[in-house]
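Q: Right, I'll just put the structure down here and ask away after.
The values are calculated or read from the model by the stated rules, or taken from the named source; none is laboratory data. Remember, predicted model here, so these are calculated numbers, not experimental data. Virtual Cβ from ideal backbone geometry, glycine too; neighbours counted across all protein chains shown. In case anyone asks, the SASA skips ligands and DNA or RNA and just uses the protein heavy atoms, side chains included. Shrake-Rupley method; radii C 1.70, N 1.55, O 1.52, S 1.80 Å.
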Amino acid sequence: MSVKVVAPLVLGLLVLGLWEEAVRALAVPPYILPGPILIARTLVADWSTLAPSLWVTLSITLAALGAAVVVGGVLAVLFSLSRWVELSLFPYAVVLQVTPVVAIAPLIIVWANDVDLSLLICAWLVAFFPILSNTILGLRSVDRNLLSLFELYGAGRWRTLVYLRLPAALPYFLGGLRISGGLALIGAVVAEFVAGTGGNASGLAWRILEAGYQLKVPRMFAALALISATGIAIFLVLTLLSHLLLRRWHESALDGQE
Amino acid sequence: MPATGAPVRVSAVSKHFDNGLQALSDVSLTVAAGEFVSLLGPSGCGKTTLLRIIAGLATPTSGSVGRPTGRHDMGFVFQEPTLMPWATALANVELPLKLAGLARSERRARAEDALAGVGLAGFEKSYPRELSGGMKMRVSIARALVTQPRLLLMDEPFAALDEISRHRLNLDLLALWQQRRFTAIFVTHSVFESVFLSQRIVIMGTRPGRIASELPVATSHARDEAFRTSADYVAICRLASAQLGQAMAA
């Protein structure tokens, strides 16, 4: 294992150990701050409640991310093909991005009239912009001379897009995707807090709210840990994907080599 | 023997940019089929603009250009290798054939031949970042030649290379030209390179870009490494330098 893995791992274990020690030594009650061991026990004991919620949050996040990839990617390609489409639509994409999702979530919940759908829309709203703006940047950052070369061989717009612009935009798209992966999760959790609905099919955010009302602080921490773990897992999977796609040719994937 | 060279005729071409700058003023130039001509001039003399107009990548404000019309008749080598970093050397060389709609097996075979022709057999699967600057430029030349063009346009292709690579590529380019007899137009700002490579040097001046004079490289000496130290070479370099000096002073 490299130092890149060992160093943060050692630090993490050290902090957890100190935390446990401090909670015990100072006799902090669990409804103020539970120690990591109690949180781990709660995670196991409440797994039957938390696991379905994890699944709900995860599926909303992934669906929102998928929708962000499709809409962000397609819009970026449309923008790159037509200056007019870009000039007319891009300001509205920015408006959607800068308006805080917490502020529009209640509206969306009223309009969508379905909790899952409204959560999905909220998460998507937060997630799609980085993909859109990064992909646009990538589609534009094509070597001028390569464009000339394609023109010289009479490639036309479509084949220039497929063989030149899309591959050139891939690293930028993947960078946007990594940001959007985390944002989709944040969007899904924030929207659920705003929606604040209970029931069987509720996500981790609701579990945190619910545990808060009941002062089950260890369970709040357990749900929080699951959200963090989900975010980390999404980040790692997207980083791996990016590495696999770029390792042969892109500068960003070259560290440690040569 | 593959397709022979095609003649190029540039008639009274002028080019004004949108910002009012005049890049070229009344440029006329005839290049015979199979001839190797260098365009020599300081930066800003419009030689790259002229080359792009000949290629059809830019349109002249006035005047006309006669060149071979087929899509496969022209190859272009840029100042940088201009390779697609996500594609292997072979895929990069295949590109013009792919855009022409050739079947995979045929374009593969022809691209392999073209790579072998520039001394890169065995590097088909390498990515551009795995190749040296000189090798990347060889891939670029292979890509320009893979369609068997009748006209090869080169825009200071070796300017960014070290001298050793540049000399080797000069020799290899001449060998390819002698084999295939395409027409070659070579833009450079190096007096030595233009004398070594070409049959005729067209010297350009600035403000506005124009043709100042022409100089035939009149020598019976073989174009090999010994030519670089021959009396003919030195004499012609001196002449070219003097004419270039006049063009810049005028």
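Q: How many residues are in a loop (DSSP other than H, G, I, E, B) and either modelled with pLDDT of 90 or more or in contact with a helix residue (DSSP H, G or I) (Cβ under 9 Å, 6 or more places away or on another chain) (or both) if we restrict to the stretch B:18-34?
A: The total comes to 1.
Q: Looking only at the stretch A:165-223, filter to residues that are open to solvent by less than 40 Å² (accessible area, probe 1.4 Å) and basic (K, R); which one of those is modelled with the highest pLDDT?
A: A:R219
Q: Give all pairs with beta carbons closer than 7 Å in which a residue from the stretch B:52-75 that is within 11 Å of chain A (Cβ to nearest Cβ) meets a residue that is among the acidic types (D, E); count only pairs at least 6 apart in sequence or on separate chains.
A: These pairs meet every condition: B:L57/A:E151.
Q: With the structure loaded, tell me whether A:A155 is modelled with pLDDT under 90, under 27 Å from A:T230 (Cα atoms), surrounded by fewer than 24 Cβ atoms within 10 Å (Cβ to Cβ) and not hydroxyl-bearing (S, T, Y) or whether it fails that test.
A: For A:A155, the condition - modelled with pLDDT under 90, under 27 Å from A:T230 (Cα atoms), surrounded by fewer than 24 Cβ atoms within 10 Å (Cβ to Cβ) and not hydroxyl-bearing (S, T, Y) - is not met.
Q: Now for a different question. So B:K15 fits all but one of (1) of a type outside the set (V, I, T); (2) outside any helix (DSSP H, G or I); (3) within 13 Å of chain A (Cβ to nearest Cβ); (4) surrounded by 20 or more Cβ atoms within 10 Å (Cβ to Cβ); what number is the exception?
A: Result: B:K15 passes all but (3).
Q: Checking the structure you have, find out if any residue of the stretch B:144-154 is open to solvent by less than 50 Å² (accessible area, probe 1.4 Å), at pLDDT below 90, farther than 17 Å from B:V93 by Cβ and touching a strand residue (DSSP E or B) at 6+ places or on another chain (Cβ under 8 Å).
A: no
Q: Let me ask you something else. Answer with yes or no whether A:A127 is more than 14 Å from every other protein chain (Cβ to nearest Cβ) and hydrophobic (A, V, I, L, M, F, W, C).
A: When the stated conditions are applied, A:A127 passes them.
Q: Can you pull out the residues in the stretch A:1-40 that are over 27 Å from the mean Cα position of the chain (by Cα), in contact (Cβ under 8 Å) with a residue 24 or more places away in the chain and part of a helix (DSSP H, G or I)?
A: Answer for the stretch A:1-40, where residues must be over 27 Å from the mean Cα position of the chain (by Cα), in contact (Cβ under 8 Å) with a residue 24 or more places away in the chain and part of a helix (DSSP H, G or I): just A:L38.
Q: Continuing with this model, one more query. Evaluate the following for A:V10: is it of a type in the set (A, V, I, L, M), more than 30 Å from A:A184 (Cβ to Cβ) and buried (at least 16 other Cβ atoms within 10 Å of the Cβ)?
A: Judged against the criteria, A:V10 is not a match.
Rundown of residues vs (1) crowded, with 19+ Cβ neighbours inside 10 Å; (2) modelled with pLDDT of 90 or more; (3) part of a helix (DSSP H, G or I); (4) touching a strand residue (DSSP E or B) at 6+ places or on another chain (Cβ under 9 Å), yes/no style:
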residue	(1), (2), (3), (4)
A:A64	yes, yes, yes, no
A:A68	yes, yes, yes, no
A:G73	yes, yes, yes, no
A:F79	yes, no, yes, no
A:S88	no, no, yes, no
A:I109	yes, no, yes, no
A:S118	yes, no, yes, no
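Q: Additional query: Out of (1) open to solvent by less than 60 Å² (accessible area, probe 1.4 Å); (2) out of contact with any Leu (no Cβ under 6 Å at 6 or more places or on another chain), what's the single condition that is false for A:I60?
A: (2)
Q: Further question on the same structure: Which of the following residues is under 19 Å from B:A6 (Cα atoms) and in contact with a helix residue (DSSP H, G or I) (Cβ under 7 Å, 6 or more places away or on another chain): B:V217, B:V187?
A: Answer to the check: B:V187.
Q: Select from the stretch B:127-159 the residues that are assigned to a loop (DSSP other than H, G, I, E, B) and facing chain A (nearest Cβ under 10 Å) and write down the one among them that is farthest from B:L174 (Cα to Cα).
A: So the residue we want is B:Y127.
Q: Pick out the one residue from B:L95, B:L24, B:L99 that is open to solvent by less than 60 Å² (accessible area, probe 1.4 Å) and assigned by TED's automatic domain parsing to the domain that holds B:A242.
A: Just a single option satisfies the conditions, and that option is B:L24.
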